[in-house]
Every structure is written in C-alpha cells, then in structure tokens.
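Visitor: Pasting a structure here, questions to come.
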Number of protein chains: 2
Amino acid sequence: MTKLPPESSSGKPPAQPTRRAYHHGDLKRALIAAATDLLEQEGAEALSFRAVARAAGVSQSAPYNHFAGKEDLLATIAEAGFVALAAAQTAAARRWPAGEDRLTGLGLDYIRFAVAQPQLYRLMFGVGVNDWHAYPDVSAAKRATFAPLHHALGEFLGADTPAATLEQAAVAAWGLAHGLAMLRIDGSLAGRDRVGEAGPEEGALRLFGRGLRAACVAAR
Amino acid sequence: MTKLPPESSSGKPPAQPTRRAYHHGDLKRALIAAATDLLEQEGAEALSFRAVARAAGVSQSAPYNHFAGKEDLLATIAEAGFVALAAAQTAAARRWPAGEDRLTGLGLDYIRFAVAQPQLYRLMFGVGVNDWHAYPDVSAAKRATFAPLHHALGEFLGADTPAATLEQAAVAAWGLAHGLAMLRIDGSLAGRDRVGEAGPEEGALRLFGRGLRAACVAAR
DNA sequence: TTCTGGATATGAGCAGTGTTAACATTATGG
DNA sequence: CCATAATGTTAACACTGCTCATATCCAGAA
C-alpha cells in the first residue's frame, strides 16, 4: 500500500509530491478518512487504532501526534457525522414544501442517514465512547443538527404556539426520529428493508405530525 | 476477595459449603452478577472478560466453560435486562389507570428504567455487540418487552382502531420512548435531572398521546 | 467399592490492542 | 543558518480475548 501524495485543500502543501516523504503531509485527514472507512466495515467496537494507522500507511504511534487517543479519534468522527447530518437535514428542509410534508420528509431523511451509515450513526449516539461530556464540541454539533427540525416544527404548528409547547414537541419529534432510526438499524422493525414511502416509519411520522398539531390546536 | 459459597436457587446444591471447592458450584450465575455490577461501573466497552472472572474469584479461562465468549456474556446480560424491563412495564401498566395516564406512565417508567441503569440500557440497544442477529433469544426478549405498551395503546385508542394504524402508533410510541430515553441518558435533554412529573419527557409523552388519539379519531 | 467419563477449573501461551517513551527526521521562523 | 517545534519511527509495557493441555472433582456403572 503506497502512500498517497498529500491532497490537502486547506493544509500546508507538501514539498516534493514525487518523493516518499518521511512526513505524511496531511495525516490527520487521512486518519479520519481511513477510520471512517474502517468504521462502516467493522463497527466501532472492532475498530483498532493500530489498524487505522496501518490503513493510512503510517507507523502505529504516529496518530498520537494528532489525536489524544482512540476515543478522541472516534469523537472527531462522530462530530463530523453530526455536521454531515445537519447539512442533510438543512437540505431536506429546503427540498420539501413547508407543512406536514416537510416535517415527514425531515424525519424520513433523518432515518435514511442512519440507515445509509449505521455504524457511524451508532457511534454518534454512544457506541464506543462512554462519556460524551468529555467532548463538548460533539455535544454542540449534536444540538446544532436538530435546528432544522425545530424550525420546521415551529412553522408547522403555527407562530402562536407557546414556546414551552414547541420545545416539548421538538423533543418528542427528535426522540421519535432517533428511536425509529435505532429500531430500524438493529432490525427491530419488521417492515420493508428500504425506508420507502410505505414503510412503518412514514406512517408513524405522519400520525405523529397530525396528532401533534391537533393536540396543539386543542390546547389553545 | 473470598469465594462466596454458592447460593443457587435452581442449580445443583454444592456438596460442602464449608470447604473451599475447586469447582465453584454456581459460576454462571456469579459471572452474570459480577459482570452486571462491573457493567454499570465501567460501561460495556471497558468491561473486560478477565476482570469479570477476577471479580468472581476464578481463573481467567474458567468463564469459557459457561459462555462462548465475551459477546455471549454481554448478550446474556442484555437478555436479562429486557426481561427485567418487561416485568417493570407490566407492573407499570397495572399501577396506572387505563387511558392517557397509563400510556404516559408506561413511557415515564420506561425512561426511568433506562436512567436507573444507563449502561445496561446502552448495552441492550447495541453497545458492545455488533450483530444482535446472532442472538435470537435477545431479539425475542426485546420484542416481548413492548407487549404492555402495545396493549395499553390499543385500549387507549379504542377497540375499533384499524390494526395497521395501531401498529404504526405502537412503533411511534416505542420509538418515542426509546428516543427520549437515549437522549436523556447521554445528557442531550437540558431539563431537570430527575425524570419527574414536570420534565420535558412527560410533556412530550402527553402531547404525543393526545395527538395520537386525535389523529386516529379524525382518521375514522 | 473401584473405575471411568464428563463437567469444570487451572495455567501457560499466542496474537493483538492502547499507550508511552526514547529517538530520528523534517519543516519553519528568527 | 540553525535552533526548535512538529511529525514521524521503533521498542516496550501492561492488558485483552481466546485456545490448549492439564488437573480436579462429581456421578453413575461394573
């Protein structure tokens, strides 16, 4: 496995791309990429720090110059996952018309993200790292992920919805999407394999959305 | 750490409780107990098979006479966790009056179970074991856990609710409870520390329940 | 009773892991 | 130009999951 010439877009350019460099040039990025690949193949528990170094074509202790340890690497990947999920949610919110469709679309897209990269999603929600409090950046990225949902929900329920009610509704919606994704990932949902238009998820999401609005309207 | 005399209630009684036996007498049970204790202290990732043997006062390879490996032990503990959760749900259903209160109570009690033993709950839902399909007993125990919820939901929505709708509602309720529990466990919920009457969970659950019934009534 | 087979426990040992320390090489700024 | 920081390498430590040969105990058959 030959070393790839560094291709950093924002890092320092290497001196001699043709010569086999003692210094990798963009190791951190390469390690994250290798680890992300290995993660989806083997899962977070089986992912070995040494294997990541091996895959990046570097000695087993080189990664310690860029990460405090294995957990730090996993946390970095999880954070990137949340950033990607946030981008996907923002895009989904733009793709669907406001209202029930947007809410349902956000939920389905959320689940699709989890299904497309189940190991990453599992990592993002606890597997491999015991205490996320040690990584406040990850927690922040996690919270930012759900801004689109919160916004869409506010639109859906109407501007005159009390803030407390909106907050509860957002928590419920988030919890529902997350719960459905988890159940889908570990095979607890007996429905169709693909998260399609007719799967149990959409039914649950639509039911939830309609019911939520009805309850909010009734509460006024 | 001296060896405890075996206290099996259903296993074979030991010959001489006073003498230090070469054979433990009830090792499997002791290993499960030790592992369950260690699990809550260190988490599933940090739990070592050897440490479990050490805690049980036995050599490091003795556990292999009772479990195929570390995953097998973890799966056994997870299965016991689902059985305990199922019992708690059944008890909760009996404790609350039928209707919205019972539904909300089931959800809150579900979350309380997770909060009381977060590491066990994390283990039950994927941490430490990559592929639950290898342990069909665990999957069966998991499904059985949600029978009380399904039943209470059927009562709550009325007997004339279509089966498909009920199924979707159950999936949604399950997903919601699970999602809320996960969010609570990893500190994503900013509300009060204890899962009390005024936490965001109860609001979300009540909103969900009321909305669900409204949506089902409207669908008729 | 003695014998014998199966269940259970022990110890040594292997390959692999996360992590650290001492050392080598390269890049960079004064 | 050169000290120094950044980044890489090798070696080693303690630990892990797991396997194997061996030792011990229990229980039923001769």
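Visitor: Being open to solvent by 20 Å² or more (accessible area, probe 1.4 Å), in a loop (DSSP other than H, G, I, E, B) and more than 8 Å from DNA strand D (Cβ to nearest atom) is the filter here; which residues of the range B:53-73 pass it?
Guide: Selection gives B:Gly57, B:Val58, B:Ser59, B:His66.
Visitor: Which one of these does A:Val115 not meet: (1) under 22 Å from A:Arg206 (Cβ atoms); (2) not assigned by TED's automatic domain parsing to the domain that holds A:Gly154?
Guide: (2)
Visitor: Of the residues B:Ala35, B:Ala46, which is within 14 Å of chain A (Cβ to nearest Cβ) and more than 27 Å from B:Pro148 (Cβ to Cβ)?
Guide: Among B:Ala35, B:Ala46, only B:Ala46 is within 14 Å of chain A (Cβ to nearest Cβ) and more than 27 Å from B:Pro148 (Cβ to Cβ).
Visitor: Then there's this: Out of (1) more than 10 Å from DNA strand C (Cβ to nearest atom); (2) surrounded by 16 or more Cβ atoms within 10 Å (Cβ to Cβ); (3) of a type in the set (Val, Ile, Thr), the odd one out for A:Val83 is which?
Guide: Result: A:Val83 passes all but (2).
Visitor: Can you find a residue in the range B:128-142 that is within 12 Å of chain A (Cβ to nearest Cβ), part of a helix (DSSP H, G or I), of a type in the set (A, V, I, L, M, F, W, C) and open to solvent by 60 Å² or more (accessible area, probe 1.4 Å)?
Guide: So far as the range B:128-142 goes, yes, one or more of its residues are within 12 Å of chain A (Cβ to nearest Cβ), part of a helix (DSSP H, G or I), of a type in the set (A, V, I, L, M, F, W, C) and open to solvent by 60 Å² or more (accessible area, probe 1.4 Å).
Visitor: More than 16 Å from DNA strand D (Cβ to nearest atom), assigned to a helix (DSSP H, G or I) and within 13 Å of chain B (Cβ to nearest Cβ), is that true of A:Ile77? Write out each step before concluding.
Guide: Working: more than 16 Å from DNA strand D (Cβ to nearest atom): yes; assigned to a helix (DSSP H, G or I): yes; within 13 Å of chain B (Cβ to nearest Cβ): no.
No: the conditions fail for A:Ile77.
Visitor: Identify, by number, the condition in (1) within 14 Å of chain B (Cβ to nearest Cβ); (2) surrounded by fewer than 16 Cβ atoms within 10 Å (Cβ to Cβ) that A:Arg95 doesn't meet.
Guide: (1)
Visitor: Determine whether the range B:150-163 contains at least one residue that is in contact with a Leu (Cβ under 7 Å, 6 or more places away or on another chain) and either among the small types (Gly, Ala, Ser) or open to solvent by 20 Å² or more (accessible area, probe 1.4 Å) (or both). Show your work before the answer.
Guide: Of the range B:150-163, the ones in contact with a Leu (Cβ under 7 Å, 6 or more places away or on another chain) are B:152-154, B:156-157.
Now narrow it down to the ones that are either among the small types (Gly, Ala, Ser) or open to solvent by 20 Å² or more (accessible area, probe 1.4 Å) (or both): B:152, B:154.
Yes, that holds for at least one residue.
Visitor: Within the range B:52-66, which residues are in contact with a helix residue (DSSP H, G or I) (Cβ under 7 Å, 6 or more places away or on another chain) and either without any contact (Cβ under 8 Å) to a residue 40 or more places away in the chain or near DNA strand C (Cβ under 7 Å from one of its atoms) (or both)?
Guide: Scanning the range B:52-66 gives B:Val52, B:Ala53, B:Ala56, B:Val58, B:Ser59, B:Gln60, B:Ala62, B:Pro63, B:His66.
Visitor: Looking at B:Val171, B:Val129 in this structure, which one is of a type outside the set (Phe, Trp, Tyr) and closer than 26 Å to B:Glu40 by Cα?
Guide: Numbers: B:Val171 fails: closer than 26 Å to B:Glu40 by Cα.
Just one listed residue meets the conditions, B:Val129.
Visitor: Inside the range A:33-48, can you point out the residues that are at pLDDT 95 or above and either open to solvent by less than 20 Å² (accessible area, probe 1.4 Å) or more than 13 Å from DNA strand D (Cβ to nearest atom) (or both)?
Guide: Of the residues in the range A:33-48, the ones at pLDDT 95 or above are A:33-40, A:47-48.
Residues satisfying the conditions are A:Ala33, A:Ala34, A:Ala35, A:Thr36, A:Asp37, A:Leu38, A:Leu39, A:Glu40, A:Leu47.
Visitor: Can you tell me which of B:Thr165, B:Thr90, B:Thr145 is under 18 Å from the mean Cα position of the chain (by Cα) and either within 30 Å of B:Ala46 (Cα to Cα) or at pLDDT below 95 (or both)? I'd like the intermediate steps shown before the answer.
Guide: Details: B:Thr165 fails: under 18 Å from the mean Cα position of the chain (by Cα); B:Thr90 fails: either within 30 Å of B:Ala46 (Cα to Cα) or at pLDDT below 95 (or both).
Being under 18 Å from the mean Cα position of the chain (by Cα) and either within 30 Å of B:Ala46 (Cα to Cα) or at pLDDT below 95 (or both) holds for just one of B:Thr165, B:Thr90, B:Thr145, which is B:Thr145.
Visitor: If I filter the range B:119-142 for residues that are more than 20 Å from the chain's Cα centre (by Cα) and farther than 20 Å from A:Asp131 by Cβ, do I get at least one hit?
Guide: So the first thing to find is which residues in the range B:119-142 are more than 20 Å from the chain's Cα centre (by Cα), and the list is none.
So far as the range B:119-142 goes, no, none of its residues is more than 20 Å from the chain's Cα centre (by Cα) and farther than 20 Å from A:Asp131 by Cβ.
Visitor: Give the residues of the range A:143-171 that are in a helix (DSSP H, G or I) and free of Cβ contacts under 8 Å to residues at least 12 places away in the same chain, sorted by residue number.
Guide: Initially, the range A:143-171 is screened for residues in a helix (DSSP H, G or I), giving A:143-145, A:147-157, A:163-171.
Answer for the range A:143-171, where residues must be in a helix (DSSP H, G or I) and free of Cβ contacts under 8 Å to residues at least 12 places away in the same chain: A:Arg143, A:Ala163, A:Ala164, A:Glu167, A:Gln168, A:Val171.
The values are calculated or read from the model by the stated rules, or taken from the named source; none is laboratory data. Keep in mind the model is a prediction, meaning the values are calculated, not measured. Cβ sites come from the backbone with ideal geometry, for glycine too, and all protein chains shown count toward neighbours. The protein model used for the area step is the full one, side chains on, heavy atoms only, and it has no ligands, DNA or RNA in it. Shrake-Rupley method; radii C 1.70, N 1.55, O 1.52, S 1.80 Å.
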